[in-house]
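Taking it in order: structure first as structure tokens, then the write-up.
The values are calculated or read from the model by the stated rules, or taken from the named source; none is laboratory data. All values reported here derive from a predicted model rather than from experimental measurement. Here Cβ is always computed from backbone atoms with ideal geometry, including for glycine, and neighbour counts include all displayed protein chains. Accessible surface areas use protein heavy atoms only, side chains included; no ligands, DNA or RNA. Shrake-Rupley method; radii C 1.70, N 1.55, O 1.52, S 1.80 Å.
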Amino acid sequence: MTIALNPTTTPANINYFIPPPDGVRAYRRINVDPEKGEKEQNYDTIPKNVVIENVRGKEESVTLDTAGFQFFNSPAKHTSFTDDAEIEKEYYPESIELIKKLTGATRVVLFDHTVRRRRPGQDGRDPKLRQPASIVHVDQSVAASVARVHRHLPPSDVPALLQRRFQIINLWRPISHAALDWPLALCDYRSVDTEKDILPVALIYPDREGETLGVKYNPDHKWKYLRGMTPDELVLIKCADSIQDGSVAVFTPHTSFEDPTTPPDTPPRESIELRALVFYD
């Protein structure tokens, strides 16, 4: 099979959310059950074949406010990504300034990060060996985004911050080499039926609950990716937006996927994502 150097589309199987029956609230526990050896959840997934458009050369066709995500070229000064303390000391400050520059935000608070290094045979249960997420999802619900503001900001600041526009945005970039292996696919918000496609999923921690969004299959979904993203490139992924009047994209369903156009012997994908609370005056 001859593989195009820059295919315009690629077919792929991606895993969609199937909610539990009878309207039961969906949930997933963060920690692995020591007896079962897996994370307990009460919902299922189903693979669906979709066509994913490569926006290389037409990156301007998607923006944070139209599609819910946006690609940029901006090399990072920190490049090792091997030590969490160093990441927080070096990569966090430069990323805060970068997010401000790219969005026009006046205040950015990073609240965590995840480094993923795909290793065949690993199931991702070990938090030190996080694997690419292979189910379509949205990281935060609106309720969870408000809870994040309360959780990570001084109580005296919260009322004023919640009166203005705020967002949760992930900054995702490949590390070490281009992400040809198991790249990131993003669903254009304009193709999502927000009434029918989305359901909340409780994320159960030992001491609290968060909430993500599960995404049900819709054949109208428009999937995009930037093939062969390099460590000099990044994508901002909107997870939540306090503007709810229909004028802007509110979130971005996304997932990793096995790209059949990936050349043989491509090194396994490595990436980092930062999660940010983003505020505007």
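According to a simple spin-label model (label point 7 Å from Cα along Cα-to-Cβ), what is the distance in nm between Lys216 and Thr63?
For the pair Thr63/Lys216, the computed spacing is 3.2 nm.
Using only DSSP helix segments of four residues or longer, with each worth -39500 (n - 2.57), what per-residue ellipticity at 222 nm results for the chain after dividing by its residue count and rounding to 500? The partial results should precede the final answer.
Numbers: 3 runs with 29 residues, N = 281.
Calculated at 222 nm, the ellipticity per residue is -3000 deg cm²/dmol.
May I ask you to give the percent of accessible area on segment 121-225 that is carbon plus sulfur, with a probe radius of 1.4 Å? Write down the numbers at each step before the final one.
Details: 2460 of 4840 Å².
The value for segment 121-225 is 51 percent carbon and sulfur by accessible area.
Scanning the chain for GluC sites (Glu not before Pro) in DSSP loops with at most 15 other Cβ atoms within 10 Å, what's the longest stretch left with none? Spell out each step's value before the answer.
Details: sites that count: Glu35, Glu195, Glu258.
Longest stretch, sites excluded: 36-194.
For the chain, with every protein chain kept in place, what is the accessible area per residue (1.4 Å probe, Å²)? Walk me through the intermediate numbers first.
Working: 13630 Å² over 281 residues.
Value returned for the chain: 49 Å² of accessible area per residue.
Pop the C-beta distance of Asn13 and Thr106 into the FRET formula with R0 = 41 Å and round what comes out to the nearest 0.05. Before the final figure, lay out each step's value.
Values: r = 42 Å, r/R0 = 1.02.
Computed FRET efficiency for Asn13 and Thr106: 0.45.
Quick one: if you stick a label point 7 Å off each Cα along the C-beta vector at Glu88 and Ser247, how many nm between them?
Calculated label separation equals 3.8 nm.
Over all Cα pairs of segment 62-193, how is the pair count split among 10 Å bins, expressed in % and running from 0 up to the last occupied bin?
9, 34, 40, 15, 1
Please give the direction-averaged projected area of the C-alpha convex hull for the chain, in square nanometres with one decimal. Each step should come with its number before you reach the end.
On the way: hull surface 62.5 nm².
Hull-based average projected area comes out at 15.6 nm².
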